[in-house]
1. Do we find a residue being over 24 Å from A:G124 (Cβ atoms), touching a Leu at 6+ places or on another chain (Cβ under 7 Å) and modelled with pLDDT under 95 anywhere in segment A:182-198?
2. Filter segment A:414-462 down to residues that are surrounded by fewer than 24 Cβ atoms within 10 Å (Cβ to Cβ) and among the aromatic types (F, W, Y) and give me whichever is nearest to A:P315 (Cα to Cα).
3. Answer yes or no as to whether A:I453 is within 19 Å of A:L34 (Cα to Cα), modelled with pLDDT of 95 or more and either touching a Leu at 6+ places or on another chain (Cβ under 9 Å) or small (G, A, S) (or both).
4. Tell me which helices (runs of 4 or more DSSP H) are completely within segment B:1-80 and hold 1 or more residues being in contact (Cβ under 8 Å) with a residue 40 or more places away in the chain, or say none if there are none.
5. Quick one: in segment B:36-57, of everything that is out of contact with any Lys or Arg (no Cβ under 7 Å at 6 or more places or on another chain) and either surrounded by fewer than 20 Cβ atoms within 10 Å (Cβ to Cβ) or on the phi > 0 side of the Ramachandran plot (or both), which residue is nearest to the other protein chains (Cβ to nearest Cβ)?
6. Residue by residue through segment B:93-114, note down the ones that are more than 9 Å from chain A (Cβ to nearest Cβ) and either closer than 21 Å to B:F252 by Cβ or acidic (D, E) (or both).
7. Which ones in segment B:345-391 are among the hydrophobic types (A, V, I, L, M, F, W, C) and either within 14 Å of chain A (Cβ to nearest Cβ) or more than 29 Å from B:A485 (Cα to Cα) (or both)?
8. Test of understanding: among A:I179, A:I211, A:I186, which residue is farther than 29 Å from A:Q325 by Cβ, buried (at least 16 other Cβ atoms within 10 Å of the Cβ), within 27 Å of the chain's Cα centre (by Cα) and away from chain B (no Cβ under 13 Å)?
Protein chains: 2
Amino acid sequence: MSKNETEEIDANVLFSEFKEHSVADFFKKNRQMLGLYGKQRTLTTIIHELVTNSLDACEEAGILPEIEVQVSEIAKEHYEIAVKDNGPGIPENKVGNALGKLLAGTKFHRLVQTRGQQGIGVSGIILFSQITTGKPSKVITGTSKEKTISLEISIDSKTNSPKMTNKQVLEKKHRGTIIKSKFKEIIYKKGQNSVDEYLRRSAIANPHASIKFQDPFGEVVEYTRTVKKLPQIPKEVKPHPRGVSVDEMLSFARHSESRKVSSYLAQAYDRFGSKAIENVAKLVHFDINKDPKKITWEEAEDIVKAIKQTKFIAPNTENLVPIGQNHIEKPLKSIVDPEFVFVTTRKPAVYQGGYAFQVEVGVAYGGGAGRLMFIDKKNEEEGPKEIRFSEIIRYANKAPLLFDAGGCAITKTVQSVDWKRYGVSNFDNSPITVFVNVVSVHIPYTSAGKTAIAEEEEIVNDIKLALMDVSRKVGGFIIQKKREAERKEKRRVFSKYVPEIVAALSRSTGKSKELLEKNLMTMVLEKLKLDDEENGFEEPIKEEPTKEEPTKEKKE
Amino acid sequence: MSKNETEEIDANVLFSEFKEHSVADFFKKNRQMLGLYGKQRTLTTIIHELVTNSLDACEEAGILPEIEVQVSEIAKEHYEIAVKDNGPGIPENKVGNALGKLLAGTKFHRLVQTRGQQGIGVSGIILFSQITTGKPSKVITGTSKEKTISLEISIDSKTNSPKMTNKQVLEKKHRGTIIKSKFKEIIYKKGQNSVDEYLRRSAIANPHASIKFQDPFGEVVEYTRTVKKLPQIPKEVKPHPRGVSVDEMLSFARHSESRKVSSYLAQAYDRFGSKAIENVAKLVHFDINKDPKKITWEEAEDIVKAIKQTKFIAPNTENLVPIGQNHIEKPLKSIVDPEFVFVTTRKPAVYQGGYAFQVEVGVAYGGGAGRLMFIDKKNEEEGPKEIRFSEIIRYANKAPLLFDAGGCAITKTVQSVDWKRYGVSNFDNSPITVFVNVVSVHIPYTSAGKTAIAEEEEIVNDIKLALMDVSRKVGGFIIQKKREAERKEKRRVFSKYVPEIVAALSRSTGKSKELLEKNLMTMVLEKLKLDDEENGFEEPIKEEPTKEEPTKEKKE
């Protein structure tokens, strides 16, 4: 026994401090886990939670979203934030728990693609408002059938329950929800991680939404919708058998109302047809007519194994609503303003746990693509030139992800692509915007702050395949562009010396300069065309010969 | 009204799905937030949670830790993990809630430096075991006063409560706790993110612990303690007034048993002496003899403002126990085996929220420092050479952080240092190990998986200052090393040509070669010494002149 033995403290003394804690207290103490740290980041995160909540509410209710965001400065590092939507509103008897209780909501237990999925977002924001200012948040909400009410709400963090005061019925009806909260320890700044950038990216991925933003200086930016139709509303669908874990297979079975395992499978899962059930029945080592409530872990495991050896139709896609090729191209063109854009959407797939997901990727190149780093004024011949670096804009269920890029499956996958193969010789320093949107019935976030997607194998693979698909097209275009530039340069060089050659030929042959020049130009253009064909470049773009005046420079 | 209006769904229909969820269900669905994703990463995370829990238990009880970790392969991607400690054990009536309930424990509500702080770690692991294998975890635990019991435990995730079965009293007494769980979807691999590396780093930062690890191949690695004394046990201390938020000022006041605000301040906070109270009394706009239970948010805010203008003694350091300079140097030298090591420990400080923290930094350079990337065999003259890249080893409360380096305040700060200023011309490709340990009564993790520290301003600043301090010393050493290398090279070059010069001189002067050589060498060494002195390098290390045989190469 060591000498330390004498000073030892008994377990019963140590455990006298044992306590349980509410989830509200947990996140109050660990606000960093909600992304609420860093003064600018915190402000952007607040806007993110409120805006995604509004967009979800509108879309679920089948309403074209109209969102108004206002950030007003009260004092130094002290702001009021108001977000107003035209959504369905919150029924009076649900307001408290919807906004004033963490881990409560309509989204967590359903397999449906929404931006929020945890039941923490807005209630976390209301909690943060009260712990930095001591003030409750003001809520105005009205549904289509009920009165419009106004109230103040805060959260008792000890019990994770709402406290509501000053409830009033408003005479002026508003269908939708307005949340107004005050915050300290935050700061409004423009730039890469700003509210402005967050909303710009939201507008890119949500062309059906109108978003209006008034900053603390009173300046208003408005993104009006470029798509007038609401995207299809994602439907809740049953889990696809592929990827369902043994634990889920068992716990769904125990809660099933079916009398036989066979009917449980048909009823509880998407795409579990009679053929698949027949096949599973053959493969498992127990009678599939058994009561599902009585299956063991081993039997559930047996079913999951059998599923892996059974063919299923691809998942029902009604629960996944990607943005869609056109609706990515349009805003990327109008907001980013690049030379060209290519977009691809993968087929829906399933990752570990049976969660359906789908990846769409857009690459915009040249022009206004990438991030403007500085303007190079040294290049006298071509005038000032914008120097642009690459940017990766990430989305999860159409909500922009601005932070923790380094830990995100999207960034890591984009960086793992061998861009040189696609004509992008230096990815970091290229004018390129890579747009990636992952939609899923359950995004595997690495943290409750919902800033980065975990590297689930299937998701990483699909992002990679989508990137490769788009990059091939981009590469073709970049190569075409390079060829054009080369051709232009050749043409410029030829035409520069044509007058001299023509003059010399004319002197020695006595033919007219005009005729000689015409013939020579035809020859030159014919030669350039041949070069292109040799390079497998089929249809050179027709262009007027350059109209540059021949200069007097000498050959070297 | 748009056409969509007709398809709108009413709020009451939408909210009919409204539900509350348990924190266990939350983390079951969001296992990524606990760091439980990626097959290798998941295994390392499991070990991390179990080992830190054991180390905490031993230290809190004043016991020198002896930890045994065993990973056994059951089948492909299917393992059993056992962690055994010699800690205080868990009292029988507390086992259920301590291991089978999330957000319960002795640590969350106390300001004391422990590795765990959330009450999620081990219960999250037990939950993950059961959802991947359907099996409960086996627990054997005994305290010094009670019997040793064995039982099986799992978690009812719907209610976040423990289910215990097969409880037995064991005849063979064991003081401490053994947890044995089975897992699927994990994989054991060696390498950078492995259990091996995790335990190696644990041993570096915990020289007072003995850690024994048996891998699935039966190989055993044992880190025996290099320090025989238990570090001081961190004491729970009251919060320091600096950094206490208004919300805390108010809620502590409302729970205070004091009758006056003045006595509440003296009683509830560390270092709130009578002088400080007098000063605060002068600055606030209300009577400080008021009942603390009756103060308003505005008054609490007033106190916090006054605190900012009041001088306080630095925080009590009894709640912070850094590893200490010697105890970092020792294992860094023995385990990393570098050419030299410098270590610095900052004074305790406080970050946002009033949490005390302290930073210690060690830099090991040359020799076995850094990560071995490959062995360069091309260099024929000097023989094969190890090519080593820099590595940053991060710790929070002495527990290694292996993942999400990119999002961690430590990595970001190390990378922000201008290493060139300190003689490290290319940080990434240098043989350098940077060791950073942040201890705090509450580490601001970015996620419940506890893999990265959030960039809280005060912590970032202190890491930076510590790095600069150590780097200056490192820089001095690197410059000295470069000078030595230069001197060696000069000497080599001189001595290479000395025989030729001596021969020529001997021929022309007729003096003996021996005399000429002796004089020439003395001159050369004198010259080298002068060079050094001119460069402000006071004491050149004495070395034997190189004994290389002069070669026959010609001067160019």
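1. no
2. Per the stated criteria, the residue is A:Y445.
3. Criteria met by A:I453.
4. Result: B:23-29, B:39-60.
5. Filtering first and then ranking leaves B:G38.
6. Passing the criteria: B:L111, B:V112, B:Q113.
7. B:A349, B:V350, B:A356, B:F357, B:V359 - these are the residues of segment B:345-391 that are among the hydrophobic types (A, V, I, L, M, F, W, C) and either within 14 Å of chain A (Cβ to nearest Cβ) or more than 29 Å from B:A485 (Cα to Cα) (or both).
8. Selected residue: A:I179, the only one of A:I179, A:I211, A:I186 that is farther than 29 Å from A:Q325 by Cβ, buried (at least 16 other Cβ atoms within 10 Å of the Cβ), within 27 Å of the chain's Cα centre (by Cα) and away from chain B (no Cβ under 13 Å).
The values are calculated or read from the model by the stated rules, or taken from the named source; none is laboratory data. The structure presented is a predicted model; accordingly, all values stated were derived computationally and were not measured. Every residue, glycine among them, receives a Cβ derived from its backbone with ideal geometry; neighbour counts consider all protein chains shown.
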